[in-house]
Amino acid sequence: MTQNGDIQIANKLFDAFNKRKLDELAKFVAPNATFTNVPFGDTHTGPDGFRKDLQTWLTAFPDGKIDIVNQVAANGWVVTEYEGQGTHRGVLEGPSGSLQPTGKSVTMKLCDCARIQNGKIVEVRSYFDVFGLYQQLGVGVPTRPGTEARPNT
């Protein structure tokens, strides 16, 4: 597939989010594809796993929208820098548990690295500014289980 073709496939993920058409993920996500939310330490598998991750964000930010800022494709990878905007009106499930709605609007900086093979997404690693997100929501920064600070010995 061409680099432009890979970008078109990667963009289907963003389109599905913006159009709230998560049931279409199976068309362009490989059955064993992995989606890793790096800051939260979660990995989901297959179209249902991708749907679960995206639905987490749509539940917390029902008016959520993604705008692509920059993209580059090479050697089967597409790297997308983007901004997400929304109002925190639903529960956000994160590494420290459930964060109740704050009613605050946020703008997040994100970057996804997607690997494309045979016209399907086979892997995504999603990075975002978790500190900025939680700061905008007015809450403390969460810790992932197992990453708590340890005393020096």
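If you go through the stretch 20-60 and keep only what is more than 24 Å from Arg89 (Cα to Cα) and in contact with a Pro (Cβ under 6 Å, 6 or more places away or on another chain), you end up with Leu25, Ala26, Val29, Gly46. The residue list Gly49, Gly5, Gly86 contains one member that is open to solvent by less than 50 Å² (accessible area, probe 1.4 Å), in a strand (DSSP E or B) and small (Gly, Ala, Ser), which is Gly86.
Of all residues in the stretch 74-118, those that are under 18 Å from Asp53 (Cα atoms), free of Cβ contacts under 8 Å to residues at least 60 places away in the same chain and among the aliphatic types (A, V, I, L, M) total 5. Of everything in the stretch 56-77 that is within 23 Å of Ile116 (Cα to Cα) and part of a loop (DSSP other than H, G, I, E, B), the residue that is most open to solvent (accessible area, probe 1.4 Å) is Asn75. For the residues Gly84, Gly146, Gly103, Gly119, the requirement of being at positive phi and at pLDDT 95 or above singles out Gly103. Exactly one residue out of Gly97, Gly46, Gly76, Gly64 is small (Gly, Ala, Ser), touching an Asp or Glu at 6+ places or on another chain (Cβ under 8 Å) and more than 14 Å from Ser126 (Cα to Cα): that is Gly76.
Looking only at the stretch 42-56, decide whether some residue is under 13 Å from the mean Cα position of the chain (by Cα) and over 21 Å from Lys19 (Cβ atoms). Yes, because at least one residue in the stretch 42-56 is under 13 Å from the mean Cα position of the chain (by Cα) and over 21 Å from Lys19 (Cβ atoms).
The values are calculated or read from the model by the stated rules, or taken from the named source; none is laboratory data. Just so it is clear, the model here is predicted, and its values are computed rather than measured. Here Cβ is always computed from backbone atoms with ideal geometry, including for glycine, and neighbour counts include all displayed protein chains. Surface areas here come from the heavy atoms of the whole protein model, side chains and all, with no ligands, DNA or RNA. Shrake-Rupley method; radii C 1.70, N 1.55, O 1.52, S 1.80 Å.
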